[in-house]
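Taking it in order: structure first as structure tokens, then the write-up.
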Amino acid sequence: MSCRISSRPIWPVAPVIKIMMAFGWPAPAKVSAVKLPGRWRTLQPMAEPFRWNRSRVLVMGILNVTPDSFSDGGRFADVTRAVARARAMGADIVDVGGESTRPGATPVCEAEEIRRVVPVVERLAGLLVSVDTTKAAVAEAALRAGARIVNDISALRFDARMAEVVREHRAGVVLMHMQGTPATMQARPQYTEVVREVRDFLAERIEFAVAQGIGRDQIAIDPGIGFGKTVEHNLELLARLEELTGLGCPVLVGASRKSFLGKITGREPADRLAGSVAVATWAVARGARIVRAHDVAETRDAVRVVESLQTWCESSRS
């Protein structure tokens, strides 16, 4: 299969606006570049910048449209089934991923990842969608198809254009910590002090994103549970999660069905619901504002109970 992506010329916006105004049209609001593949197209005002909702905890539902995901690879590779799954899960955010990031997964080229992701995103109108990718071309295609968030496990490091794409589309972004790459991350991960090192990394990536023109309120951070960490590293990060909330961006925790839960419980990925929900509730109690989950309904119920307990405790102290 060819991995080349065809490109069409993009006309600069300013000359187009001048022509419009010469014919008496009012000057439009901010607009993005206009593609003209053989005919005129309507100028669309740019969307308002995405801002994370901090009023309650958000549940991000995982939708892997890959044949080789560690947990549900292949189940939702068909577009119709993937769309039905996304609409049925009831998540606050649907996170669509077209490339597995499990250790040893086969890398996917841009064209194939776009082929997997975009048809699904296009059919999720009305839902808040994020795209799980490290590739700027994939992120841009998904954002044009209707996604509003880029979930980048490389924290804008693997593709030099990613920050520009997020900025130009005024998208939300998740910056995640990972030691190494998906291919190498679990090869004897080592830290001197894991919480401090993860915190310093995320602080640096926040400042990098802001320097690239991405609003601070567009950014969420993820300690990267299971990405270049041992069981002990994961447990320490979760135990001291509150130390990351001081960075000023909402914290996302994604531990659903991860291998460290299997090492603790002895269960296979499909049987790790209880462990996954336990971590989600622990994370929310310690300040996480977004939890990423396969089992959305169960996770959502647990999160709402924790929030109710937090509200009761706060009101009882006042």
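Do we find that Ala302 is at pLDDT 95 or above, among the small types (Gly, Ala, Ser) and crowded, with 20+ Cβ neighbours inside 10 Å in this structure? Lay out the reasoning, then the answer.
Values: at pLDDT 95 or above: yes; among the small types (Gly, Ala, Ser): yes; crowded, with 20+ Cβ neighbours inside 10 Å: yes.
Against the criterion (at pLDDT 95 or above, among the small types (Gly, Ala, Ser) and crowded, with 20+ Cβ neighbours inside 10 Å), Ala302 qualifies.
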Tally, over segment 86-116, of residues that are within 12 Å of Lys135 (Cα to Cα) and among the β-branched types (Val, Ile, Thr): 2
Residues being charged (D, E, K, R) and closer than 25 Å to Ile264 by Cβ - total across segment 175-226: 6
Condition check for Ala91: within 12 Å of the chain's Cα centre (by Cα), within 20 Å of Trp52 (Cβ to Cβ), at pLDDT 95 or above and assigned by TED's automatic domain parsing to the domain that holds Phe208: no
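Restricting segment 286-306 to residues that are in a helix (DSSP H, G or I) and of a type in the set (Val, Ile, Thr), which is nearest to the chain's Cα centre (by Cα)? Give the derivation first.
Within segment 286-306, the first condition is being in a helix (DSSP H, G or I), and the residues that meet it are 296-306.
Remaining after also requiring of a type in the set (Val, Ile, Thr): 296, 299, 303, 305-306.
On the way: Val296: 16, Thr299: 18, Val303: 19, Val305: 25, Val306: 23 Å.
Ranking the qualifying residues of segment 286-306, first place goes to Val296.
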Selection status of Arg75, closer than 21 Å to Ala297 by Cα, in a loop (DSSP other than H, G, I, E, B), modelled with pLDDT under 95 and of a type in the set (Lys, Arg): yes
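State whether the residues of segment 214-226 include one that is in a loop (DSSP other than H, G, I, E, B) and among the basic types (Lys, Arg).
Taking segment 214-226 first, the residues in a loop (DSSP other than H, G, I, E, B) are 214-215, 223-226.
If we keep only those that are among the basic types (Lys, Arg) too, we end up with none.
The answer is no; no qualifying residue exists.
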Failed item, numbered, when Gln310 is tested on (1) part of a helix (DSSP H, G or I); (2) under 22 Å from the mean Cα position of the chain (by Cα): (2)
For Ser316: the one exception among (1) assigned to a helix (DSSP H, G or I); (2) at pLDDT 95 or above: (2)
Cβ pairs under 6 Å, 6+ apart, first in segment 38-60 and at pLDDT 95 or above, second loosely packed, with under 11 Cβ neighbours inside 10 Å: none
Residue match in segment 258-268 (condition: more than 22 Å from the chain's Cα centre (by Cα), on the phi < 0 side of the Ramachandran plot and either part of a loop (DSSP other than H, G, I, E, B) or in contact (Cβ under 8 Å) with a residue 40 or more places away in the chain (or both)): yes
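The values are calculated or read from the model by the stated rules, or taken from the named source; none is laboratory data. None of these values were measured; they are calculated from a predicted model. Note that we place each Cβ from the backbone using ideal geometry, even for glycine, and neighbour counts take in every protein chain shown.
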